[in-house]
Amino acid sequence: MVYSLPMKTWISYTAAMLMGLAATLLFGDSAFFAQAAASVVVVLIGAGFILLVPFVFVAFSAGTASLRKNRKGWSLAWTTILWSLALTVLLPLVGSVIFHLFPVVFPVTSTAGVPVKGLSASLGQIFMPYLSGYNPLVLLAAMALALTLGYFLRPDADVIRPAYAVTNSFSEVFFRFARGLSAAGFVLVFFFSVHWFVSLYRDGTVFIAGRFLLLVCGGTAIVLCGIVPLVYGVATGFRRNPYRALYRLIAPALMALFSGSIYFSWPVLMSASRHNNGVQKRIVGTAAPLYIFLGRGGTAFMATLTATALLYAATGSLPAFGIIVAVAGASMLVSFASAFHPGFELMAAVLLVFRFHGINLYGGEATLLAFLPLLNGMGLLLDVVIAGLGQDVTSAHMKTAVTVDYRDIT
C-alpha cells in the first residue's frame, strides 16, 4: 500500500495566494465579490481572536511551569528580550540608510485628504485601548494570569504534579489544534489574499507607484534575506542555517502578510516553530506570545520607510539624514505601542512618530489608508519571521535545538 504525504504548508499557502490573485483578476471589478471577501475576513479575524486567547493562556502557563521546573526561565527571558531589542533598534536604522540611498516620495492616493479622526485626533486616543471588539489588553491580561498560574504550578510537590500534568496535557491539545489549523490554513490564506488583493486592486494607486513599491518590497527583501539572517547567525555562533529556519516559516509569514492580523498568524507560527524548526513546546508556548508585544522590529522598519516618504511628499524636499535617523529612533520607541492596534499597527506607529516629533501633516496621513494592507502586512511578515527565528535562537542557547528532517515538517 502506498501512502501519500500531506502537502507542505509552504507549498499549499503559496498556491492559495496565487489562487487568490487569480480570483481577484477575474472578479476584482465586482462590488459583490469585494463585499463578500471583506465580510468573510471580518468573521475570520473575530474567530481568530477567540481562539488565540485560550491557546496563549494554556500554552503560556504550561510553558512557564516547565521552565521553572528546569530553572530555564531567565535564559528564555533574556534571550527573548535581547533578540527583540537588538532587531527593534537595528532594523529602523537599516530603514533610514535604505531610504537615504533610495529616497522616494510617498504616492498620492485616492484617500488623500480623508480625515483620520479615529487615530490622529489626539495622543490619548492613539493609546486608548479598544472599548469593544478585539482588545489586545485581554490577551495581555491572559498572559499575566498564565504567568502567575505557571509560576505556582511548578511540580515540586506530590500534590501539584497532577495539576501540572493536566495543564501540560491541555497545552498539547491546543498545539495539536494549532497544527490542524496550520494544515487547513491555506483555505484562510485564500480568503485573506482575495481581500488583500481586491483592496489594492480597487484603489489602483499600486499600479502607478512603482518606485515606492520597489522601496517597500526591496527593503523588505534586504531585511528578510540579509539583515535578519546575519543577526541570527551571530546570535547562534553561525552553527545553524538561518535560511533553513526561514523558509520553514513561509506559511505563518504569508498568513501574517495577507490577514494583517496576529490572531491567525501566531497559532500557525507556534505550530511551525515546534514542528518545522524543532523548538521545544515550552519555549514556543512562552516566547511566541511575548513576541506579540516585544518583537515589533518589522513594524518599526516599515514605519521608518513610510514616515520618511510621507515627510518627503509633504515638504517637497528630501529630509536630511539626521532627520531620517530621528524618525527611525522614534519608530523604535513607538513600535511597542503599535501592538495595541492590531490590523492598524503601521498606521498607529507612523502617527505616533509624527506626534513624537510634533509634526502635523494636516490630514496627509490619510494617504496611508490605500497602502495599509501592503505596508501593515509587510511589517507583520517581518515581525513573524523575527519571532520565529528568535525562538530558534533561544532554543540554540538552551541547547535544546534539533534539526527536523524535511519529510517530517508540516
Notebook entry, point to check: Do we have R202 as closer than 25 Å to L140 by Cα, of a type in the set (K, R) and part of a helix (DSSP H, G or I) here?
Noted result: no
By my count, helices (runs of 4 or more DSSP H) wholly in the stretch 1-104 with at least 2 residues that are more than 18 Å from S193 (Cβ to Cβ) and open to solvent by 40 Å² or more (accessible area, probe 1.4 Å) are 31-69, 73-101
Conditions (1) open to solvent by 10 Å² or more (accessible area, probe 1.4 Å); (2) of a type outside the set (V, I, T); (3) more than 16 Å from V104 (Cα to Cα); (4) part of a helix (DSSP H, G or I) -> Y312 fails only (3)
Of the candidates L369, L382, L389, the one satisfying the condition of being part of a helix (DSSP H, G or I), among the hydrophobic types (A, V, I, L, M, F, W, C) and under 12 Å from the mean Cα position of the chain (by Cα) is L382
Screening F293, F340 for residues that are surrounded by fewer than 23 Cβ atoms within 10 Å (Cβ to Cβ), within 12 Å of the chain's Cα centre (by Cα) and closer than 29 Å to V56 by Cβ leaves only F293
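For every residue, the table says whether it meets (1) closer than 21 Å to M302 by Cβ; (2) assigned to a helix (DSSP H, G or I); (3) open to solvent by 50 Å² or more (accessible area, probe 1.4 Å).
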| residue | (1), (2), (3) |
| --- | --- |
| F177 | no, yes, yes |
| L188 | no, yes, no |
| G226 | yes, yes, no |
| L246 | yes, yes, no |
| L254 | yes, yes, no |
| L269 | yes, yes, no |
- Take A339 and decide whether it is of a type outside the set (S, T, Y) and in contact with a Pro (Cβ under 7 Å, 6 or more places away or on another chain). yes
F177 meets each of (1) under 21 Å from the mean Cα position of the chain (by Cα); (2) over 21 Å from L290 (Cα atoms); (3) modelled with pLDDT of 90 or more with one exception, condition (2)
If you go through P319, P342, the only one that is farther than 20 Å from S84 by Cα and not in a helix (DSSP H, G or I) is P319
Discussion item. Based on this model, can you work out whether V325 counts as touching a residue at least 40 places away in the same chain (Cβ under 8 Å) and either in contact with a Leu (Cβ under 9 Å, 6 or more places away or on another chain) or not aliphatic (A, V, I, L, M) (or both)?
Written reply: yes
Those residues of the stretch 392-408 which are in a loop (DSSP other than H, G, I, E, B), over 20 Å from G73 (Cα atoms) and open to solvent by 30 Å² or more (accessible area, probe 1.4 Å) amount to T403, D405
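Residue-wise test of (1) in contact with a Phe, Trp or Tyr (Cβ under 8 Å, 6 or more places away or on another chain); (2) within 30 Å of R282 (Cβ to Cβ).
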| position | (1), (2) |
| --- | --- |
| A349 | no, no |
| V353 | no, no |
| A370 | no, no |
| L375 | no, no |
| L380 | no, yes |
| V393 | yes, yes |
| T403 | no, yes |
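In the stretch 221-230, is there at least one residue being under 16 Å from L346 (Cβ atoms) and within 18 Å of the chain's Cα centre (by Cα)?
Among the residues of the stretch 221-230, at least one is under 16 Å from L346 (Cβ atoms) and within 18 Å of the chain's Cα centre (by Cα), which makes the answer yes.
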When restricted to F264, F301, the only residue part of a helix (DSSP H, G or I), open to solvent by less than 20 Å² (accessible area, probe 1.4 Å), farther than 24 Å from D405 by Cβ and at pLDDT 95 or above is F301
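Which of the following residues is modelled with pLDDT of 90 or more, under 26 Å from the mean Cα position of the chain (by Cα) and closer than 30 Å to Y362 by Cα: G150, G95?
Within the list G150, G95, the selection yields G95.
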Scan the stretch 375-391 and give yes if some residue there is under 20 Å from V108 (Cβ atoms) and open to solvent by less than 20 Å² (accessible area, probe 1.4 Å), otherwise no.
yes
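The values are calculated or read from the model by the stated rules, or taken from the named source; none is laboratory data. In this text, all values refer to a predicted model and were calculated from it rather than measured experimentally. Positions of Cβ are generated from backbone atoms using ideal geometry, with glycine treated the same way; all protein chains shown enter the neighbour counts. Areas reflect the complete protein model, heavy atoms only, side chains present, ligands, DNA and RNA absent. Shrake-Rupley method; radii C 1.70, N 1.55, O 1.52, S 1.80 Å.
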